[in-house]
Each structure stands twice: as structure tokens, then as C-alpha cells.
Amino acid sequence: MKSTVKLSRSWSLQSTEAVFRDSKTLTVFALAVTICISQTTTAQASLKHKLAQKTQFRPKAGAPLDQLIEVADTFDIPMGIEWDESAKCKALPAGSQTEETVRELLQSIVRPCRGQTLTVDHGIVHVRSRFARHPHNILNFRLWRYRIKDGNVYGAAFELRLGIDMELHPEKYTGGWNGGYGYPGDDVLSIQNITFSERNIAVRDVLDRIVKANGNSLWVVRLNAASLNQRVPFSTTYKDDEAIVRIWQILPLKEIH
């Protein structure tokens, strides 16, 4: 009987420790989720405030895409711009000085461009083209897995290029691979503040996550007839690293953030 009591006490103690460990794990997890939600809510509130500002600002750039980038840079607006190069649109006149919100200013630039739409979601201003759901839009291409830890924009972009190339040309990596990337040490995009991991993620969503994590940048992808040609497979359109490099640009909003 004593032996039974000892076993019972031992089991009880182990069970208590296990519950305590599980409780600590759940507490840490809950705290991490709370912090994540809090940061996301704060970022969204900040963006909402920026877009609601009244302004008479008019961009000096001549082309609508350049005007969007100029407004984003001026008012520190995180953006993801999917631009249809075939879209016919007129640039916003430089002379008009009507007071409006920053959001209305952005909409007035996008509105004359056929097929381009502006939305605000998940803490980013998105400008999407009429090809947003096109099956041959590289932004819809999905990666089996993407991950980066304590990286910067240059590293994140490199990992994205590598992931795309591995998916499209797996034969190049059967024996492993070697390589890397360089970047200027004093550049604003060199700040190592990007960490996330995701499976089955679209290129568009990776770019969004990079921009949101960095907090001081926007991305631009230019689409054209050649890149959307369904008769040409992705593996041919993006046959090497140089072709993949040309898919997107990630631009800083401020030199000092």
C-alpha cells in the first residue's frame, strides 16, 4: 500500500508539473498573440490617421505610378502597388489645390486609370490591377514554404527570389546550392526587423508581410502582356535569377525612420 501511495504521489507531482508547464506555455503563447494583435491594431490605427489627414499637396511627378509613390513617401504610407503597364490613364494635374484627405488624393490618382483599384486592408494601402486574380499573375504564385528570421528587406527579397526559383526550377537544386547576397550596411532597408514563417503562401502576401514587418517601405510590381501570357509557362518567363529580380521593387518611404 505504501508503494501505491508513493506512486500516486509521484504521478500527482508529475501531473502538477506538466500542468504548470502547459500553463506557462499557454501564458507565453497568449502574451505573444496579444502583442501581435496590439501591434497590428496600432499600425492600422496609425494608417487610418495618416489617410484621414487633410492636405492640399499635389505630386510633382508626371506619371500616375510615380505620383502614388511620391504621395506614399510624403505621408509615410505603406503600400503594395500592382501596376498594369498597359492601363491608359491621365496623371493628376499639378495645378489643382483642392483640400482633401490623403486617401482621397490617392483615389484621385488611381481613379482615371482603367482597371486599377485602391483598397485599404491589413494595414497596407493596396493598388490592384484588373489582373489581380489572373492565373498567370506572378503575385498569385504560391510558395510551398517561406521563412526568414531576423532579416532585413534585402535578405527577405533574396529568400523570396530563391523560393520562386526553387519552385520553378527544382532541378537546379538537386545537389544543394551555394550563394548569397550583399547590401549597404547604412541603408534604411538594412534594419534587421523581419521575422515570419508561412507555408503555401502567395508572392503577394510575402511582399505584404515584408513591408509590414519593415515598417518603412512599399512594394511595386509592374505587369505587362508578356508577363501575363498564359501560353508561356512561369518557368520560361522567369527562367533565371535576373528575370526574377525584375518582378518587384521594394522602396523606402523615409531615409531616416
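In this structure, is TYR181 surrounded by fewer than 17 Cβ atoms within 10 Å (Cβ to Cβ) and either within 24 Å of PHE131 (Cα to Cα) or touching a residue at least 12 places away in the same chain (Cβ under 8 Å) (or both)? Break it down stepwise before answering.
On the way: surrounded by fewer than 17 Cβ atoms within 10 Å (Cβ to Cβ): yes; either within 24 Å of PHE131 (Cα to Cα) or touching a residue at least 12 places away in the same chain (Cβ under 8 Å) (or both): yes.
So TYR181 passes the test.
Which condition does LEU139 not pass, out of (1) in contact with a Lys or Arg (Cβ under 8 Å, 6 or more places away or on another chain); (2) hydrophobic (A, V, I, L, M, F, W, C); (3) over 17 Å from ARG246 (Cα atoms), if it passes all the others?
The one condition LEU139 does not meet is (3).
Scanning for something of a type outside the set (D, E, K, R) and either within 19 Å of ILE69 (Cα to Cα) or touching a residue at least 24 places away in the same chain (Cβ under 8 Å) (or both), does segment 167-177 turn up at least one residue? Reasoning before the result, please.
The initial filter retains those residues of segment 167-177 that are of a type outside the set (D, E, K, R), namely 168-170, 173-177.
Right, trim to either within 19 Å of ILE69 (Cα to Cα) or touching a residue at least 24 places away in the same chain (Cβ under 8 Å) (or both) and you get 168-169.
Yes - at least one qualifying residue is present in segment 167-177.
To keep it simple, each residue is scored yes or no on (1) in contact with a helix residue (DSSP H, G or I) (Cβ under 9 Å, 6 or more places away or on another chain); (2) touching a residue at least 40 places away in the same chain (Cβ under 8 Å); (3) loosely packed, with under 13 Cβ neighbours inside 10 Å.
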{"position": "ASP186", "(1), (2), (3)": "no, no, yes"}
{"position": "ILE194", "(1), (2), (3)": "yes, yes, no"}
{"position": "GLU198", "(1), (2), (3)": "yes, yes, no"}
{"position": "ARG204", "(1), (2), (3)": "yes, yes, no"}
{"position": "ASP208", "(1), (2), (3)": "no, yes, no"}
{"position": "VAL220", "(1), (2), (3)": "yes, yes, no"}
{"position": "LEU223", "(1), (2), (3)": "yes, yes, no"}
{"position": "ALA226", "(1), (2), (3)": "yes, no, yes"}
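For segment 233-257: of the residues being out of contact with any helix residue (DSSP H, G or I) (no Cβ under 6 Å at 6 or more places or on another chain) and exposed (fewer than 13 other Cβ atoms within 10 Å of the Cβ), which is modelled with the lowest pLDDT?
Step by step, filter segment 233-257, then rank; the result is ILE256.
Pull up segment 78-97, narrow it to residues that are within 21 Å of ALA132 (Cα to Cα) and among the hydrophobic types (A, V, I, L, M, F, W, C), then point me to the one that is farthest from the chain's Cα centre (by Cα).
By that ranking, first place goes to CYS89.
Limited to segment 129-166, what total is found for residues that are within 24 Å of LEU118 (Cα to Cα) and touching a residue at least 24 places away in the same chain (Cβ under 8 Å)? First the steps, then the outcome.
Initially, segment 129-166 is screened for residues within 24 Å of LEU118 (Cα to Cα), giving 129-142.
Still in the list and also touching a residue at least 24 places away in the same chain (Cβ under 8 Å): 129-132, 134-142.
Here the count works out to 13.
The values are calculated or read from the model by the stated rules, or taken from the named source; none is laboratory data. These numbers come from a predicted model, not from an experiment. Glycine also receives a Cβ, built like all others from the backbone with ideal geometry; neighbour counts cover every protein chain displayed.
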